[in-house]
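The values are calculated or read from the model by the stated rules, or taken from the named source; none is laboratory data. Note that the structure is predicted; figures quoted are calculated from it, not measured. Using ideal geometry, Cβ is built from the backbone for each residue, glycine included, and neighbour counts are taken over all protein chains shown.
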Amino acid sequence: MHAIRQDTPYNEVKRGAEASLVTSMGRMACHTGRAVTFDEMLNCEHEFAPMVDQLTLDGPAPVLANAEGKYPIPAPGIKTTREY
C-alpha cells in the first residue's frame, strides 16, 4: 500500500520465487523422507514434471499404471532422490 500511495517501485519477485522454492522443498522432503535444504533444492537435478513442455491433450498421460493397474507412489526413506 505504501508503494502505491507514494508512487515508488515495489517488487515481490524474490519473495515469490523463494516461496515457490520452499513449496518444492516441502514436496521433495515429503516424497523422499529426508530434510531438503534451500541450496540442495536450487541445485537439484530432479524434474517434478519431466517433459511437461511436450504434453498434449491427445497424448499419453505423464504417469501410467503398471500391468496391475496401480500407479507409482512415493516411498519416503526408500527412494530418497526422486518422487516415485
(message) Given the options Arg15, Arg27, name the one that is closer than 19 Å to Thr80 by Cα, part of a helix (DSSP H, G or I), modelled with pLDDT of 90 or more and among the basic types (Lys, Arg).
(response) Arg27
(message) Give me the residue from region 36-84 that is small (Gly, Ala, Ser) and over 15 Å from the mean Cα position of the chain (by Cα) and, out of that set, surrounded by the most Cβ atoms within 10 Å (Cβ to Cβ).
(response) Ala75
(request) Quick one: in region 37-84, of everything that is aromatic (Phe, Trp, Tyr) and touching a residue at least 12 places away in the same chain (Cβ under 8 Å), which residue is nearest to Met25 (Cα to Cα)? (result) Phe38
(request) State all residues of region 30-61 that are over 21 Å from Thr80 (Cα atoms) and of a type in the set (Asp, Glu); if no residue qualifies, say none. (result) Asp53, Asp58
